[in-house]
């Protein structure tokens, strides 16, 4: 093949993307509660060991491109769009007005806002640091995020306490730090009640997001399970207003099964928001697009969510690779991520209606009909062939994922 000059590379990418097939129309994509984060689209490829590989892009362009693709919802951190020095001031109001205009012009809605309480140097010792002025500033930030949520028409507010922890043991007193963090959340929920009443709007759903590693060496709320315990600890004034925003990769990173973590959140009635991406167990936070690493696991996750009637947002919290150009972010990365999700979601519906899986599942639940009082050996002997259906169900899931149940085979 001849070298591809820069002038022909975008056309090549678009032609090969079309050749891939399997895409959905923008109208179809908008039928799903899929949200696109400002930070994901504007990510420039930078990291601890990585220089940026893409040009900066503002919220006007991100919202416009999401609308073109068919992503109907937009999410943002406060400082993704508002410089820190303008928060809570006139500059914030000017930017919010511009965002509202852009959202309205393109038919996109803001579904979630989140507070950055981890990047700025003021949070070096976490938003629940010993100094009362730091904690007061953290309370201002979350309260201001509540204001942003109501001004932009959001339904959700998310908090990631990634810097709530320490680098060296003994530097903090953990129980006190957790109480101080609860104070910030209590401030946010109390402020939300007042603002919602004044604006005649429902209160926001306040969601905690866990992450096991990074940026602190030890994190106090590293998993969704830890956060469920925190919500139920008695430290929160309005625990009914606080739920979870699990992230798929954050649960996977520490060796957990995301589906099991989501199941525990469902049982607790706290699965309100879901950040979707992909990656690898026991690795750092690579934030790969959904379904590119673990499509079978993702199919199982969505079977669980469909079977329990989850209707909350699916937030595309991933980073387009550093090898993807600015053009590729919206020509390949986001449309393909949305389309993989839709395909897996609809495939999960097919799993739920599949006659083979249904019959196998019902047979397992029915058991062998052993009369009461039988001993353990007799119960096992009566059920041992039924239990083979576990592997059969897994085989059937792979068949559905690969299309083998529709006759796709290779002649050898």
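The values are calculated or read from the model by the stated rules, or taken from the named source; none is laboratory data. Remember, it's a predicted structure, so these values are computed and weren't measured experimentally. Here the Cβ positions follow ideal geometry from the backbone for every residue, glycine too, while neighbour counts run over all protein chains shown.
Structure summary
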{"quantity": "Failed condition for residue 333, given (1) under 17 Å from residue 42 (Cβ atoms); (2) in contact with a helix residue (DSSP H, G or I) (Cβ under 8 Å, 6 or more places away or on another chain); (3) assigned to a helix (DSSP H, G or I)", "calculated": "(2)"}
{"quantity": "Helices (runs of 4 or more DSSP H) wholly inside region 77-184 that include at least 1 residues being closer than 26 Å to residue 273 by Cβ and more than 22 Å from the chain's Cα centre (by Cα)", "calculated": "90-106, 132-152"}
{"quantity": "The listed residue being within 22 Å of residue 146 (Cα to Cα) and either assigned to a loop (DSSP other than H, G, I, E, B) or in contact with a helix residue (DSSP H, G or I) (Cβ under 9 Å, 6 or more places away or on another chain) (or both), out of 235, 249", "calculated": "235"}
{"quantity": "Qualifying residue in region 227-238 (condition: modelled with pLDDT of 95 or more and under 16 Å from the mean Cα position of the chain (by Cα))", "calculated": "yes"}
{"quantity": "Residue among 224, 187 that alone is surrounded by 19 or more Cβ atoms within 10 Å (Cβ to Cβ), touching a residue at least 24 places away in the same chain (Cβ under 8 Å), touching a helix residue (DSSP H, G or I) at 6+ places or on another chain (Cβ under 6 Å) and closer than 30 Å to residue 284 by Cβ", "calculated": "224"}
{"quantity": "So residue 36, is it surrounded by 13 or more Cβ atoms within 10 Å (Cβ to Cβ) and either touching a helix residue (DSSP H, G or I) at 6+ places or on another chain (Cβ under 7 Å) or in a loop (DSSP other than H, G, I, E, B) (or both)", "calculated": "yes"}
{"quantity": "Only one of 213, 230 that is surrounded by 15 or more Cβ atoms within 10 Å (Cβ to Cβ) and part of a loop (DSSP other than H, G, I, E, B)", "calculated": "213"}
{"quantity": "Residue match in region 279-293 (condition: within 14 Å of the chain's Cα centre (by Cα) and in a strand (DSSP E or B))", "calculated": "yes"}
{"quantity": "Given (1) crowded, with 20+ Cβ neighbours inside 10 Å; (2) touching a helix residue (DSSP H, G or I) at 6+ places or on another chain (Cβ under 8 Å), number of the condition residue 160 does not satisfy", "calculated": "(2)"}
